[in-house]
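A short write-up of the structure that comes next.
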Amino acid sequence: MVTSGSSLFSLLSFLILALAILQADASRIHDDYLKCLQSQNSNSVSTIAYTPRNTSYSSILQSTEQNLRPASTSLFKPTLILTPLHSSEIQAAIRCAKKHEIQIRVRSGGHDYEGLSYASTSPFVIVDLRNISSISVDRENRTAWVEAGATLGQLYYKIGETSRELAFVAGACPTVGVGGHFSGGGYSMLSRKFGLSVDHIIDAKIIDVNGQILDRRSMGEDLFWAIRGGGGASFGIIIAWKVSLVSVPEKVTVFNLTKTSDQNATQLVYQWQHIADKIDENLLIRLFITSSTSPQTGKKSIVVSFTSLFVGGIDQLLSLMQKSFPELGLAKEDCIEMSWLESTVYFANIPGAASVEVLLDRNSSKSYFKGKSDYVKKPISVKGLEGLWKRLFAEEEEDMEAHFQLQFSPYGGMMSEISESATPFPHRRGNIFMIHYVAGWDEKGNAESKRHVNWTRRIYSYMAAYVSKFPRAAYLNYRDLDLGVNKIKGNTSYKQASIWGTKYFNQNFDRLVHVKTKVD
């Protein structure tokens, strides 16, 4: 008679053996892949290819992993990391991958929320675009070509170096790679004034499944439409984007005003919902919400940071706020005038940042985190907000070492003027704001990770009554594997894929499937 313990041991031994066989097979396949690369680029492969046998392999792999959680649970590490210097090396990587049926993951900045660019449950190769990062700004025509491996910070710095009155619409974190950010949408502190990153992309260069470099004219308008918000890596490897720049005054105004429960924070958040998408398009007020407990009294409080960018001067801003949101009590001393370039450092909230040169630093902070997103079409009631606060308090009591935050990012303005079908990104008219839920922690084991991930899921479940429905929408750049399969592959049915697809893309999903079927 076999005991349950023996059965468990046998199963474990089988799994270990099976994994060893898979890894050995993967190693053989990737040796063949490496030989293929060498046959096409014999002079350069040794300088751009890293295998687990290289001493630099781990540092290259981990250098841009922002979220450590996916890597900690990944079954496979990449058997090869390529850091190409030229597009010809990327073309060879694709052709050899097609020949040897190797899965490629593309990484430009490494900020993918679920680590899909550097973690996998099957053997794979990373094409890391860190060296494909040149930027060329045409001041006269107000355009720029930016390669996909450049970071947002590098792009901002280059634009600011060229002109104090030009800007680009993209995210607040300077270490995000433009390749992933642009291909998922690209929300910005300038979005109410100018829309998203994808709304300002006018050309691109992509290497297709056959290793051919295509621009907007040669790829056709369907593919060009798809890569601007539909996830660029689904269709090929994008190596460069041409973007139109926007005009800004020499000085913009910023403020970050914090309110607590004792300062009527709940009522202010409730009131903010009624004006966030309706105020002057030059003004964007974003909320960052956390909870805290006084170490002296043990009293719990909600802490809300009202963080704002106004495309104009202080006097204009104060007049506008007095008309639209006097309850906040904004005063002149709360506001700072600065250049748009300086504002990108301000919103990045980098400790000790003294100059705009910090934008050139590619190194990002690393942590274990889980994020989710939602869209809100009707103001959440005071009762609904108070229920949300209670759940924040409960999580704080349960784990003081984790960091829980909500971000409320307003829409309206230009976001409501652009058609839902203009790009794959559909979340336009009718959305008051987007919610970003995030839990971050220091790793202490899988049990701890699971507990923190479950926090986001409990909050997300509670919020179902207050957010968009049919579908319950989500933002692609806050990738969330809880929503279901994140790619159409193998025997995945259209019905299964559409569960997550309509959340990200709404009615645009069908067109994306059509384009992907054609280019694949």
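The values are calculated or read from the model by the stated rules, or taken from the named source; none is laboratory data. Predicted, not measured: the structure shown is a model, and the values here were computed from it. Ideal geometry is used to build each Cβ from the backbone, glycine not excepted, and the neighbour counts take in all protein chains shown. Just so you know, the surface numbers come from the protein's heavy atoms only, side chains and all, with ligands and any DNA or RNA stripped out. Shrake-Rupley method; radii C 1.70, N 1.55, O 1.52, S 1.80 Å.
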Charge dipole (debye, nearest 20) of segment 63-163; +1 at Cβ of Lys and Arg, -1 at Cβ of Asp and Glu: 220
Rounded to one decimal in nm, the spacing of the 7 Å Cα→Cβ label points at ASN349 and ASP510 is 4.1
Given a Förster distance of 22 Å, the FRET efficiency implied by the Cβ-Cβ spacing of SER134 and SER365, rounded to the nearest 0.05, works out to 0.30
Probe 1.4 Å, all protein chains in place: accessible area of HIS452 in Å², nearest 10? 10
Accessible surface of the chain, 1.4 Å probe, proportion on carbon and sulfur as whole %: 52
Would any residue of segment 109-129 have its amide N under 14 Å from a label point 7 Å out along Cα→Cβ of GLU101? List them or say none. 123
How large is the charge dipole for the chain, taken about the Cα centre, if only the Cβ atoms of Lys, Arg (+1) and Asp, Glu (-1) carry charge, to the nearest 20 debye? 1260
For segment 184-237, dividing by residue count, accessible area per residue (probe 1.4 Å) in Å² works out to 30
If you count, for each residue, the other Cβ atoms within 10 Å and average over each peptide, how do 507-514, 56-63, 185-192 line up from highest to lowest? 185-192, 507-514, 56-63
Rank these residues by their accessible area, most exposed first, probe 1.4 Å: HIS181, HIS86. HIS86, HIS181
Label selected from (1) 38.2; (2) 29.4; (3) 27.3, the criterion being mean projected area of the Cα convex hull in nm² as computed here: (3)
Relative contact order for segment 152-225: what is it in percent, counting Cα pairs under 8 Å that are at least 6 residues apart? 21
Where the only charges are on Cβ atoms (+1 Lys, Arg; -1 Asp, Glu), what is the dipole of segment 192-318 about its Cα centre, to the nearest 20 debye? 380
Identify unpaired cysteines across the chain, taking unpaired to mean no other cysteine Cβ lies under 4.7 Å from the residue's Cβ. CYS173, CYS335
Taking the Cβ-Cβ separation of LYS299 and HIS403 as r and a Förster radius of 25 Å, what is the calculated FRET efficiency to the nearest 0.05? 0.80
Take TRP145 and THR121, extend 7 Å from each Cα along the Cα→Cβ direction, and tell me the distance between the two endpoints in nm. 4.1
If ligands, DNA and RNA are left out, what is the accessible area of GLU420 with a 1.4 Å probe, given in Å² to the nearest 10? 70
For MET189, list long-range residues whose amide hydrogen, built 1.01 Å from N in the peptide plane, is under 5 Å from its own amide hydrogen. ALA170
Per-pair calculated FRET efficiency, R0 = 22 Å: SER416 and HIS274 via Cβ, rounded to 0.05: 0.90
Distance from a point 7 Å along Cα→Cβ of TYR462 to each backbone N in segment 284-304: keep the residues under 19 Å and list them by number. 287-294, 299-304
With point charges of +1 on the Cβ of Lys and Arg and -1 on the Cβ of Asp and Glu, referenced to the Cα centre of the chain, which listed residue (SER191, TYR57, ILE94) lies farthest in the positive direction of the dipole? ILE94
May I ask which of LYS378/LYS503; LYS323/LYS390; LYS332/LYS390; LYS77/LYS99; LYS193/LYS259; LYS99/LYS366 have a Cα-Cα span longer than 24 Å here? LYS323/LYS390; LYS332/LYS390; LYS193/LYS259; LYS99/LYS366
How would THR517, THR293, THR51 line up by accessible area, probe 1.4 Å, largest first? THR517, THR293, THR51
Mind checking the per residue accessible area of segment 339-393 for me, 1.4 Å probe, whole number of Å²? 48
Expected 222 nm ellipticity per residue - DSSP helices of 4 or more, -39500 (n - 2.57), all of the chain, to 500: -11000 deg cm²/dmol
